[in-house]
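Undergrad: Below: one structure in structure tokens.
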Amino acid sequence: MKYCIKKANQHQIDNYRHAACVVKGGRLVNVGVNTNKKGRLIDPLYEEKGCHAELMALCSLSEEQVRGSVLYVAGWSKGNNIVNSKPCPICQQYIKKFDLKAVYYSLPNGEYEELII
Ligand SMILES: [Zn+2]
């Protein structure tokens, strides 16, 4: 989770900075960050929304690679505060397509919470 929070903070984008890390068996498999590109180009669920970090972390992996892994999501505000990174309803639907072991997201107090899907 710490690594994911750091990754999100290093991300260069002029708005909220989010990062999502896929970890399987203690190994980092992939990292995704949010972009301003249209998410629907990758998955029609996203319609007019941008590419969220969760989508970017998962879309380049196969279901087999993702199966049984843990997803961490962290984000920072413009003002450099950690924000609640609970995946949005669309990301939650997208995440459901994969067989993840658990999903954790950052909270403003620096703690994190498990997403109940
Ligand atoms: Zn989202």
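Every number here is computed from the coordinates shown, using simple stated rules; none is lab data. None of these values were measured; they are calculated from a predicted model. Here Cβ is always computed from backbone atoms with ideal geometry, including for glycine, and neighbour counts include all displayed protein chains.
Undergrad: At 7 Å along the Cα-to-beta-carbon direction for both LEU107 and SER77, put a label point, then send me their distance in nm to one decimal.
TA: A separation of 1.7 nm, rounded to one decimal place.
Undergrad: May I pose another question? Note the full-extension length gain between LYS2 and SER62 as 0.36 nm times their separation in residues minus their Cα-Cα distance, in nm to one decimal.
TA: 19.1 nm
Undergrad: Right, here's the next one. Go ahead and estimate [θ] at 222 nm for the chain from helices alone: -39,500 (n - 2.57) per DSSP H run with n ≥ 4, summed, over the residue count, rounded to 500.
TA: Mean residue ellipticity, 222 nm, calculated: -6000 deg cm²/dmol.
Undergrad: Shifting gears a bit: What relative contact order, as a whole-number percentage, does the chain give when Cα pairs under 8 Å and 6 or more residues apart are counted?
TA: Normalised by residue count, the contact order of the chain is 24 percent.
Undergrad: Can you return the lysines within cross-link range of LYS38? Criterion is Cα-Cα under 27 Å, with same-chain partners fewer than 8 residues away left out.
TA: Reachable lysines: LYS6, LYS7, LYS49, LYS78, LYS86, LYS96, LYS97.
Undergrad: Then there is this: Show me the ranking of peptides 97-103, 20-26 by mean Cβ neighbours inside 10 Å, starting with the highest.
TA: Details: 97-103: 15.7, 20-26: 18.6.
So the peptides 97-103, 20-26, ranked by packing, come out 20-26, 97-103.
Undergrad: Over the residues of segment 2-114, compute the C-alpha Rg and express it relative to 2.2 N^0.38 Å.
TA: My calculation over the Cα atoms of segment 2-114 gives 0.97.
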